[in-house]
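Have a look at the structure below, then the notes.
The values are calculated or read from the model by the stated rules, or taken from the named source; none is laboratory data. This one's a predicted model, so the numbers in the text were calculated from it and none came from an experiment. Counting neighbours? That spans all protein chains shown, and the Cβs are built from the backbone with ideal geometry, glycine included.
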Amino acid sequence: MSSGEMESSWQHRLQQGEDLHTEFKERLPQTDDLAAEIVAFANTDGGELLVGVKDDGTPVGVEETDRLARTVDNVCFHNCEPPISVIQETVGIGGKQILVIHVPKGAQRPYRTQQGQYYVRTSSGKRQASREELLRIFQASASLYYDETPFTQTSLADLDETAVEELVERVLSQGIYVTGVPRERLLRNWKLLTTVEEKQCLTLAGVLFTAQSPQQFVPYAYISALRIPGDDIAIAPSDQKQIGGRLHEQVETAFKLLELHLSVAHVIEGIEPERKPEIPVEVLREALVNALAHRDYTVASPVRLIVYNNRVEIRTPGLLPNTVSVEELRYGIHVLRNPAIYSMFLRLGLVTDAGSGIPRMIRLMVQHVGEEPEFAIESREFVVRLPRPAR
């Protein structure tokens, strides 16, 4: 690109104004403000800070660009935690020298200023990140799993002793030897219990598997189950239930509801009649457990289980974890959003650790129903549609 074409490109950029990826500054901001701008870009999607440009996009230029660039480098290293690497260049626009600071999307997000403030970009500038945004950034960078988050309002008194004993018995029945391991050590190993400032408390996973009343601490961690006597959500439900309790109990209760609303044929193949549900039990279990294990628990919405006349839908709050696509799921791509929760389901024998769940669901549906399940992202929900056989 020639220098004339480059200048024309930048002039067009100025005419477009400020947006999520572009910020204008007439002069280089003070140290703290500059650090906040850079942190906001790095925590969001990257972008450019153009120094020497008025808010309306008029280029006024700056002097001593080499000195300014050194100042920027110092701020990035000393006032951003962890340090942020940027690329700087000087461009000529309308006879004025503009310093362009290219800030990449950070690989070590989330970043904060020296004062401990986290910022993100918006279409109109920057603002401090909310708790939920920070949690999502931590998760996306795999530096924190939300299911290991301490719930500091809990204590050992919130444990349901009977529930813990039942968990241990079920784990033992799967051939996992934990006999003789002290209870607290076991719960810590399973990441259900942790310590914050010398106080023992449950993690999110601990609340969902062992608390006396999980919904007291996570009100939206339940399954909203509906029976729609038709094929459209606009039809009033003929049955509805809010399925709460601990996660493995939710799976069991959901199965009881499905047994009420899905038919089971009895096929005679030998001496005794054999039960043949219209949708394989393994498929329903995989879909339900996946919804509870992989949902985004920073989203305050329940899992939705909807039985229509022509299909069963399981709708999970949140997008797929990290960079996994719907198509990749079909080939067994196995990425965990909530490893502590998933590991408990694994110990209870409700999932496998081979990443074969989705491919197995597809195979079983084709064999038993003659159609593949449908997987989709709709309105920030992951949707699984299981077709019911025509009747």
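Considered as a group, the residues in the stretch 340-357 that are out of contact with any Asp or Glu (no Cβ under 7 Å at 6 or more places or on another chain) and touching a residue at least 60 places away in the same chain (Cβ under 8 Å) include one that is surrounded by the fewest Cβ atoms within 10 Å (Cβ to Cβ), and that residue is Gly349. Arg170 falls short of the stated requirement of being part of a helix (DSSP H, G or I), charged (D, E, K, R), outside the structural domain of Ser263 (by TED's automatic domain parsing) and within 24 Å of the chain's Cα centre (by Cα).
When Leu258, Leu226, Leu247 are checked against the criterion of being surrounded by 18 or more Cβ atoms within 10 Å (Cβ to Cβ), modelled with pLDDT under 95 and at negative phi, Leu258 stands alone in meeting it. Against the conditions (1) part of a loop (DSSP other than H, G, I, E, B); (2) in contact (Cβ under 8 Å) with a residue 12 or more places away in the chain; (3) out of contact with any strand residue (DSSP E or B) (no Cβ under 8 Å at 6 or more places or on another chain), Ile84 satisfies every one except (3). Exactly one residue out of Ile314, Ile306, Ile279, Ile271 is under 29 Å from Phe209 (Cβ atoms), assigned to a loop (DSSP other than H, G, I, E, B) and either modelled with pLDDT of 95 or more or assigned by TED's automatic domain parsing to the domain that holds Leu350 (or both), and it is Ile279. Among the residues of the stretch 119-135, those identified as over 21 Å from Asp19 (Cβ atoms) and in contact (Cβ under 8 Å) with a residue 40 or more places away in the chain are Glu132, Leu135.
Test Val326 against the criterion of being modelled with pLDDT under 95, farther than 23 Å from Ala254 by Cα, touching a Phe, Trp or Tyr at 6+ places or on another chain (Cβ under 9 Å) and surrounded by fewer than 18 Cβ atoms within 10 Å (Cβ to Cβ), and give yes or no. It is true that Val326 is modelled with pLDDT under 95, farther than 23 Å from Ala254 by Cα, touching a Phe, Trp or Tyr at 6+ places or on another chain (Cβ under 9 Å) and surrounded by fewer than 18 Cβ atoms within 10 Å (Cβ to Cβ). Please tell me if Gly125 is on the phi > 0 side of the Ramachandran plot, of a type outside the set (Lys, Arg) and either buried (at least 19 other Cβ atoms within 10 Å of the Cβ) or out of contact with any helix residue (DSSP H, G or I) (no Cβ under 7 Å at 6 or more places or on another chain) (or both). Considered against the rule, which asks whether it is on the phi > 0 side of the Ramachandran plot, of a type outside the set (Lys, Arg) and either buried (at least 19 other Cβ atoms within 10 Å of the Cβ) or out of contact with any helix residue (DSSP H, G or I) (no Cβ under 7 Å at 6 or more places or on another chain) (or both), Gly125 comes out as yes.
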